[in-house]
Amino acid sequence: MAKYRIAWLPGDGIGVDVLEAARIVLDKVGLDAGYIAGDIGWEFWRREGDALPRRTIELLEGVDAALFGAITSKPAKTAAAELAPALQDRGLTYRSPIVRMRQMFDLYICLRPCKAYPGNALNFKEGIDLVVFRENTEDLYSGVEFAPVPRELADMLGKLAKPFTPFAKLPLDQYAVSCKINTRTGSERIVRAAFDFARKRKRKKVTVVHKANVVRATDGLFLEAAKAVAKDFPEIGMDDANVDAMTMWLLKNPFNYDVLVAPNLYGDIISDLCAQMVGGLGFGCSGNIGAKLAVFEPTHGSAPKYAGQHKVNPIATILATKMMLDWLGEGSKAAALENAVAQVIKEGKVRTYDMRGTSTTLQMAEAIAEEL
Ligand code: IPM
Ligand code: MG
């Protein structure tokens, strides 16, 4: 029997292409693993009314890790309209399967390293090496949302919150409410994960990203929790910044930052910014990590217009594969894979279209495998 069981979840669009590429390097690196394909994605939403079917959840319950490609997501109304006729009018609502996996398996850490590999012509600046810790289960991703707003909720808000007065006059279908929910435990554990990482990797500073000057309750709690956790790590610097200012400063002085930690939505936003500074979404890799399970993925979407063309850059997924190897405790294989990626980037001969080249997805994977 293989040492590891890995759930293999290509999903939609280019998710299929990039996982094919990942498999080339995994086979070359010689991971002793069985890869079990799981159904996930738009096709299963349309046919079964569930983009993350029960059988896939059961698969995830019994694996060491998962590699995930990408998923097509559409707004609720469009999604409902695309359901098979027999499933229409059942009141099914589409929710992103990756968000559901994060919550269902308590994958509370979204780890997004953004490193400028030397010689990548797409680097914003050489030497950038940022690591984003994004809280992955709470915040505006809570899924607690109302459109139209139920009468009871409107009445309650009218009673409890003075700033609600102007909204209280509106008809219930003329506004919507999304709840940003942040817990003390959830905030503390993501900040602790960021500081633990900083300590282990000898990083100098953790920057807490928030908007506590305006979003006082939830972000106030996040910042307060962060300050408390920081006390356990006296050798590591800590500072904090409002998310809007953060986006400017990151561009202006990327070398002032090291490890960033943020609630879910701000983490989503700044991790795209950081990815762009190291070459764009073709280089953005991501680990959704919990105590028992971790799901690794590129941060890009399913890019339907490129589906099946083997055109897109698989490096994001290959770096996510590297993260998976680290998480499995296969540090030397992970390091070898990262070196191979760095080498191919530095040589600059094999380049996909985003790198202004003409190499295909699989040619890139093969070039990386060649270096292993
Ligand atoms: C990400 C993506 C997802 C998110 C989408 C696809 C639901 O943007 O992983 O950053 O918002 O978390
Ligand atoms: Mg995102």
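Checking Thr299 against (1) at pLDDT below 95; (2) polar (S, T, N, Q); (3) more than 18 Å from the chain's Cα centre (by Cα), which test does it fail?
(3)
Taking Leu130, is it surrounded by 13 or more Cβ atoms within 10 Å (Cβ to Cβ) and within 16 Å of ligand 2 (Cβ to nearest atom)?
Yes, satisfied.
Starting from residues that are of a type in the set (Gly, Ala, Ser) and modelled with pLDDT of 90 or more, keep the ones in the range 66-90 and report whichever is farthest from Gly15 (Cα to Cα).
Taking the candidates together, the pick is Ala86.
Return the total of residues in the range 214-240 being small (Gly, Ala, Ser) and surrounded by 19 or more Cβ atoms within 10 Å (Cβ to Cβ).
Within the range 214-240, residues that are small (Gly, Ala, Ser) and surrounded by 19 or more Cβ atoms within 10 Å (Cβ to Cβ) number 3.
Answer yes or no as to whether Asp326 is over 15 Å from the mean Cα position of the chain (by Cα) and of a type in the set (Asp, Glu).
yes
In the range 246-273, which residues are surrounded by fewer than 24 Cβ atoms within 10 Å (Cβ to Cβ), among the hydrophobic types (A, V, I, L, M, F, W, C), in contact (Cβ under 8 Å) with a residue 40 or more places away in the chain and within 15 Å of ligand 2 (Cβ to nearest atom)?
The one that is surrounded by fewer than 24 Cβ atoms within 10 Å (Cβ to Cβ), among the hydrophobic types (A, V, I, L, M, F, W, C), in contact (Cβ under 8 Å) with a residue 40 or more places away in the chain and within 15 Å of ligand 2 (Cβ to nearest atom): Leu265.
Mind listing whichever residues of the range 109-153 are within 22 Å of Gly11 (Cβ to Cβ) and of a type in the set (Ser, Thr, Tyr)?
If the condition is that a residue be within 22 Å of Gly11 (Cβ to Cβ) and of a type in the set (Ser, Thr, Tyr), then Thr137, Tyr141 are the ones that fit.
Could you give me the residue pairs with C-beta distances under 7 Å whose first residue belongs to the range 62-78 and is farther than 15 Å from Gly41 by Cα, whose second residue is charged (D, E, K, R) and surrounded by fewer than 21 Cβ atoms within 10 Å (Cβ to Cβ) wherever it lies, and which are 6+ apart or on separate chains?
Matching pairs, first to second residue: Gly62/Arg5; Val63/Arg5; Asp64/Arg5.
Residues that are of a type in the set (Gly, Ala, Ser) and within 16 Å of ligand 1 (Cβ to nearest atom): which helices (runs of 4 or more DSSP H) entirely in the range 236-331 hold 3 or more of them?
Passing ranges, in order: 264-277.
Looking at the range 79-112 only, could you name the residues that are without any contact (Cβ under 8 Å) to a residue 24 or more places away in the chain and either of a type in the set (A, V, I, L, M) or not in a helix (DSSP H, G or I) (or both)?
Hits for the range 79-112 are Ala80, Ala81, Ala86, Gln88, Asp89, Gly91, Thr93.
Pick out the one residue from Leu251, Leu265, Leu281 that is at pLDDT below 95 and aliphatic (A, V, I, L, M).
Answer to the check: Leu281.
Those residues that are among the small types (Gly, Ala, Ser) and in a loop (DSSP other than H, G, I, E, B), I need them from the range 30-46; list them, please.
Gly30, Gly38, Gly41
The values are calculated or read from the model by the stated rules, or taken from the named source; none is laboratory data. Just so it is clear, the structure is predicted and the values come from calculations on it, not from any experiment. All Cβ positions, glycine included, derive from the backbone under ideal geometry; neighbour counts span all protein chains shown.
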